[in-house]
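Here is the structure we will look at.
The values are calculated or read from the model by the stated rules, or taken from the named source; none is laboratory data. The structure presented is a predicted model; accordingly, all values stated were derived computationally and were not measured. For neighbour counting, all protein chains shown are included, and Cβ atoms are generated from backbone atoms with ideal geometry for every residue, glycine included.
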Amino acid sequence: MTDAVGSIDMPDSDDEVAEQQKRKSRKGGKRERKVSLGPLALFYRQIIAELRKVVWPTRSQLSTYTTVVIVFVVIMIGLVTVMDYGFQEAVKYVFG
């Protein structure tokens, strides 16, 4: 594809011929498409294969993680509430 010195990406003449034939065989207008369920089935098989690799947490781990998240959210709510109240009082003081 490039004429740069030392380039290792050289096009094959077969690839160029195949691409030219593709361009010639295309016709304008609407083309009929064949709907194949093969790629969709492959996609779902790959999803299931990846889900089998997942290390699922035990019930005790899940309850621990849930408790940690709830405590963190409560702390953040408290922090934002205190900051909001402080800003409210500061605005009342500045603007009377």
Open item on the list: at pLDDT 95 or above and in a helix (DSSP H, G or I): which single residue out of Gln46, Gln21 fits that description?
Closed with: Gln46
- [ ] Give the residue that is farthest from the chain's Cα centre (by Cα), with candidates limited to residues of the stretch 49-83 that are loosely packed, with under 10 Cβ neighbours inside 10 Å and part of a helix (DSSP H, G or I).
- [x] Ser60
